[in-house]
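Shown next, in structure tokens, is the structure this report addresses.
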Amino acid sequence: MTRISLSLVLMLALCGCGDSTATAPNGATGTAEVPTAGTATDLGDPGPPPAGQSEPPPFPEGADSSAGGQPASTTPTDGPELRPFPDAAQDADTSSNGDNGCDGPADTQAAVSVELLDWAGVEQLIASHRGQVVVVDLWSTSCIPCRREFPNLVKLQQELGNRVACISVSTDYSGIASKPAASYREKVLEFLNKQQAAFENVLSTQASDDLFDSLQIGSIPAVFVYNQAGQRVKVFADPIDGEEFTYAEHIRPFVLGLLK
């Protein structure tokens, strides 16, 4: 009976330790509160950063420092604006439009030049174009009809391309000792550049009258036409039916006939 009483006393003593009042580490007493679902836990002031750390430690990944406990947004709100890469097609179009610091399209005009030769040199040029119809135009900067028709010589070359070879021969040199053939070079070249005469151009080193006599023509304008075999087949020099010859009415139709 005595043993049963002692056991009962011990059980009552142990039950007394289950009091809901908890003792704080500092000796203060209080009731511990258990957070309920949906209530944010007050983390309190994180206090000063540890040595060597300038900022407070970040919140755990996915946690929000504000009340509510929602995951923090990963979208940056500050910093430089992100822009897409340039469109490659648009960049290519810009380059193709010549937007490279240069004004206007590239100059593709062929260079114009003039060579000082006698008639023997002209005949060598003609022979080098075997297989083509060759048109040789004798002219001078002081000959008004020559200057008027010269653009049509250029047009003929542009129209027929490699099927013909146009050669211009300036007869400006008259044989005056104080004015050699080379002294006319600049004047002749200026006219040729204006006409864009991008074919073979010759400044005759023979006095004009001597050249006319050797070619059996009275004067200029004069045009010699050679066939594909290098043979001279036509001379346009004397007025035709009392009128001056032209490229449109006389020379061009004749050349086209040789090309058939």
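Residues in segment 213-239 that are more than 22 Å from SER142 (Cα to Cα) and either without any contact (Cβ under 8 Å) to a residue 40 or more places away in the chain or touching a Cys at 6+ places or on another chain (Cβ under 7 Å) (or both): GLN231, ARG232, VAL233, LYS234.
Residues in segment 111-164 that are of a type outside the set (S, T, N, Q) and in contact with a helix residue (DSSP H, G or I) (Cβ under 9 Å, 6 or more places away or on another chain): 26 in all. Within segment 119-140, being in contact with a Ser or Thr (Cβ under 7 Å, 6 or more places away or on another chain) and part of a strand (DSSP E or B) holds for ASP137, LEU138, TRP139. When we screen ALA237, ALA229 for residues that are out of contact with any helix residue (DSSP H, G or I) (no Cβ under 8 Å at 6 or more places or on another chain) and closer than 18 Å to HIS129 by Cα, the only hit is ALA229.
Within the set GLU200, GLU190, GLU249, the sole residue that is among the charged types (D, E, K, R) and surrounded by 14 or more Cβ atoms within 10 Å (Cβ to Cβ) turns out to be GLU200.
Looking across segment 145-165, the residues that are of a type in the set (S, T, N, Q) and exposed (fewer than 14 other Cβ atoms within 10 Å of the Cβ) come down to GLN158, ASN162. Whenever a residue of segment 179-203 is more than 13 Å from PRO151 (Cα to Cα) and outside any helix (DSSP H, G or I), its partners that are of a type in the set (Phe, Trp, Tyr) and at pLDDT 95 or above, lying with C-beta atoms within less than 8 angstrom and at least six residues away or across chains, give the pairs LYS179/TYR173; PRO180/TYR173; LEU203/TYR173; LEU203/TYR184. From the list LEU192, LEU258, LEU160, the one residue that fits, being over 39 Å from the mean Cα position of the chain (by Cα) and either on the phi > 0 side of the Ramachandran plot or aliphatic (A, V, I, L, M) (or both), is LEU258.
The values are calculated or read from the model by the stated rules, or taken from the named source; none is laboratory data. Everything quoted here is computed from the prediction, not taken from an experiment. Reconstructed Cβ throughout: ideal geometry from the backbone, glycine too, with neighbour counts over all protein chains shown.
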